[in-house]
1. If the limit is 29 Å between Cα atoms, which of 278/643; 77/276; 409/468; 191/394 go over it?
2. Where the convex hull is taken over the Cα atoms of the range 293-447, what is its projected area averaged over directions, in nm²?
3. Separation between the residue 334 and residue 510 pseudo-spin-labels, each 7 Å from Cα along Cα→Cβ, expressed in nm?
4. Please list 3J(HN,Hα) in residue order for the range 15-22, calculated via the Karplus relation 6.51 cos²θ - 1.76 cosθ + 1.60 where θ = phi - 60°; whole Hz, with x for glycine and proline.
5. To one decimal place, what orientation-averaged projected area in nm² is obtained for the convex hull of the Cα set of the range 285-364?
6. Using modelled backbone amide H atoms (1.01 Å from N, in-plane), which distant-in-sequence or interchain residues come within less than 5 Å of residue 319's amide H?
7. Compute the distance from the alpha-carbon center of the range 356-405 to that of the range 337-351, in whole Å.
8. HN-Hα J couplings of the range 294-305 from phi, Karplus 6.51/-1.76/1.60, θ = phi - 60°, integer Hz, Gly and Pro as x?
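Every number in this text was worked out from the coordinates using simple rules, so none of it is lab data. Here the structure is a predicted model, which is why all the values come from computation and not from measurement. Note that each Cβ is placed from the backbone with ideal geometry, even for glycine, and that neighbours are counted across all protein chains shown.
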Amino acid sequence: MEVLMLDLLEQTTEEQYKAITFCERPLLVVAGAGAGKTRVITLKVAYLIRHRSMHPDHILAITFTNKAADEMKKRVKNYTGYEPDWIRTFHSACVKILRRYGDALGLNPRFEIATESDRKALITEALKLADVDKDYTRRAMHLITLAKNSGMDPLEWIRTTYKEKLALRDGTLGYVPNPETVYIEYQTLLKEYNRLDFDDLLLEAVRLLRKCPDIRRACQRYFDYILVDEYQDTNPVQEQLLELLVSNGNLTAVGDDYQSIFGFRGAVVEHFLNFKKKYHAEVIYLNRNFRSTDTIVKAANALIKKNTMQIHKDLFSCDQRVIPITLFEEVTPEAEATRILEVISGLLRTGRYQHQDIAILYRSSYLSNAVQRGLLKKGLPFVILGDTLFFRRKEINILTLYLSAIFKKDELALLQALSRFPGGLGSVSLKKLKDMAQASGQSLFEVLSTIVSKKPNGLGRKQYEAIKTVVGIIQEVQKCQKPKEAVTALFRTLVNAGFSEYLRKQSKNEEQFNDRLENIQEFIDYAESKSDMDTLLEEVALLADQTVSIKDKNAINLATVHKAKGLEWSVVFIMGAEDGTFPVHHVFEAFDSASYVRRLEEERRLFYVAMTRAKERLFITRSIYRKRERVPLSRFVKEIPEKYIRRS
């Protein structure tokens, strides 16, 4: 392994080598698009283990997605033979800290992580308690997330910042009536059901480390080194967490302010811009692009230089081919889609490219509708990246609700399971069951068993049969010991109760129905690798961003630019390049000049990200008319020097 490690270091560039081996004080690695950022951070973990003799489990490496964490673990194991336990997302790291030390805050160490389904159910209930219409559910969910990620006390943020922005008609925030009460009721319900939502995981970890100096020092002593990937995407709470964990300059942050595109989630690019001053850090630039042609890199550089809030850098390409960027301007969105498909068909006929080498990117999902229709009509295979998150799929959600209800005696999960399958129990029936449990002092599970054995009056036949079915499912599956055995038994029992017919009705066609069955089999296979049900269910909750695995790899890729970040293709189309579409219209609704500049610069970074996904061919397309109105060409296209663009 030692020889392999030395060989790997010899294969790096001079700048990459410096970034990997520098450990004297805090380090900021400014890694441009396609500069080998992932390789650098992974090799640095391996270097710390092999050449700095650090224990693998005393290195904290933070990533933003579970997929990135898993990939990093595999690479480090390949380089060193070790699989460090603390290569994790922010949320996963906080769960581990809170499980160990959370009792100091009065937290139940067996707290559950609220799933998206839980959040929606509890916020809907909170709205009802606050006398607010359930139509505000989505807005309330977004509002609470922003409040919790603000770095302020969430309730104080709602009372001050949120209301100030509403008064200024900030178009990025939706109005929610009685927001303080909604928030308070939601937090009360979370506590009642022993839940922490994703944002609470971070908030509670920060509260713990602030409140308990001994625990903070123990964590600081434990971690010999801390690395953070995609540092430009940190929000204020994540930044606070890092401040509390870092000691003795043992920190490397890696990222690219040019690719800071998640401001709508609370990310603050200033964390990246101010890192050098804040931590008295060394800065190393990785400016060599190994991905894109010279034309694409120079055009992207010219665009992003229009921004003011950034660290200036000049990327250069290792691929000196001069292949112009092609611009198509069509009259209507339908004509734009048709032109894209014609070009794709031509590229495929050359034999140089396969379907999987091509991506169509767009600012907003609705823009892809015409392209999807055309692809279906032509019979061209395609996938929509991040379209449906695996553990939020209807069929998987029902399975996990039942598993949580059965093996964790989780009443919130049981209520949600009852409302979904086998059906027959609406909100009135569920409230009646909750009231019966409260009045009798029994658990909800005991109430259901009593109903089945005594068949009380006042309960309709449909409701009784549904409850009887659920109790039967619980009794059958709770006998199982291993996760795979339990999931298999649950699916079999659900099928016997009519689950297949239910899924068929929920599917648009036979293909979607078969996909649902394949997803269930994939979940069964996933469960096989888990040692116990607690581990399985916690991972399911943390894997909220895990997309459905793509079974047909050779397919054209469709994605929003946000979903495409970190990916690359030989051929990329950026569609909808019009002012009001990309940049999106709400940029022009900013309530003051500072907000306008901030929004416009983030949109420009987003266009930069889209451009730098392309390795060889980049096509930019636009419609002259959108929603029956004439629209101007995107200012971002106009900011690219004409010498890099060929109009067609």
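1. Values: 278/643 41 Å; 77/276 31 Å; 409/468 17 Å; 191/394 26 Å.
Violating the 29 Å limit, Cα to Cα: 278/643; 77/276.
2. Values: hull surface 70.8 nm².
Approximately 17.7 nm², given one-decimal rounding.
3. 3.1
4. Per-residue couplings from phi come out as 5, 4, 4, 4, 5, 6, 9, 6 Hz.
5. Values: hull surface 30.0 nm².
So the Cα hull casts an average projection of 7.5 nm².
6. Counting only residues 5 or more places away or on other chains, the set is 294.
7. The range 356-405 and the range 337-351 have Cα centres separated by 22 Å.
8. For the range 294-305, the Karplus curve yields 4, 4, 5, 5, 5, 5, 5, 4, 4, 5, 6, 5 Hz.
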